[in-house]
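Structure, as structure tokens:
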Amino acid sequence: MIDLKLLEHLETYLTDNRRTRFNKVLSQRTKHFTVATEDVYQLHNTSAVIRSCDVFGIQEVNIVEEQNTKKIDREIAMGAQKWVDLNRYHSVKDCIHDLKQKGYQIVATTPHTNDCVLHEFDVTKKSCFFFGRETEGLSQEVLDAADCYLKIPMSGFTESLNISVSAAIILQHVTTKLKQTTIDWQLTEEERLAKQLDWIKNTIKSYDEIVDRFYKTK
């Protein structure tokens, strides 16, 4: 449970603008959709996907590092890693199992399977969008485990987009469409409060000392 009195105390260390900004952004956050990247080689691609998730209100990103272990590029992500939750996995199997346990359908983004084009995608279903490696795309393991396949319609000679571009296009479309529905897509009150506390922790200098003083003077 969140200590509401502590949260209220910590908020006094924020400017009015920052407090208002937190509330506004939190009201647009969702876990109805999430994203997973599978062994992406180029560090800036993973970082750019995280940045897109923050921009479009996706609260969680799942990073599979079965073959490639990376540090998030802070410059490319532009601080987005402070606001988005990163779930890291050492295997595709563990990632998929965890996501399915959380109620997500697995959506393989691929230009090779003509199953569902973007504008026909059913946004009412809780979904995780998987993006694969730059050259090979998604592994056969992901393709076999996928509940559906999603493609972005293209009219040129090039058959695929950079994964960070694909992620931005897909997330912009599905989040816009989601907000036009009556689905309860926002964070729960408990999730919102927990994330607000987490963001304050990432913002305030000497956070631990302030919390320690608060409990000593109670």
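Using a 1.4 angstrom probe on heavy atoms only, work out the carbon and sulfur share of the accessible area of the chain in %.
The value for the chain is 49 percent carbon and sulfur by accessible area.
Here each label is just a point 7 Å from Cα along the line to Cβ, and for Val55 and Cys148 those points are 2.4 nm apart. Between the alpha-carbon centres of region 1-51 and region 103-181 there is a gap of 23 Å.
Rounded to the nearest 10 degrees, the inclination of helix 16-26 to the longest alpha-carbon principal axis of the chain is 40 degrees. Expressed in nm to one decimal, what extension gain is obtained for the pair Leu14 and His173 from 0.36 nm per residue of sequence separation less their Cα-Cα distance? Net length gain for the segment: 53.9 nm. Accessible surface for region 132-206, divided over its residues, is 57 Å² per residue with a 1.4 Å probe. Shape analysis of the chain places it in the prolate category; the axes a ≥ b ≥ c from the Cα gyration tensor give an a/c of at least 1.5, with a/b above b/c. What's the angle, to the nearest 10 degrees (0 to 90), between helix 92-101's Cα axis and the longest principal axis of the chain? That works out to roughly 60 degrees. Compute the angle between helix 207-216 and the longest alpha-carbon principal axis of the chain, please, reported from 0 to 90 degrees and rounded to the nearest 10. With both axes taken from Cα atoms, the answer is about 40 degrees. Checking the Cα-Cα distances for Lys24/Lys205; Lys5/Lys216; Lys31/Lys126; Lys93/Lys125 against a 19 Å cut-off, the pairs over it are Lys24/Lys205; Lys93/Lys125.
The values are calculated or read from the model by the stated rules, or taken from the named source; none is laboratory data. These figures come from a predicted structure and were not determined experimentally. Ideal geometry is used to build each Cβ from the backbone, glycine not excepted, and the neighbour counts take in all protein chains shown. Calculation scope for accessible area: heavy atoms of the full protein, side chains included, ligands and nucleic acids excluded. Shrake-Rupley method; radii C 1.70, N 1.55, O 1.52, S 1.80 Å.
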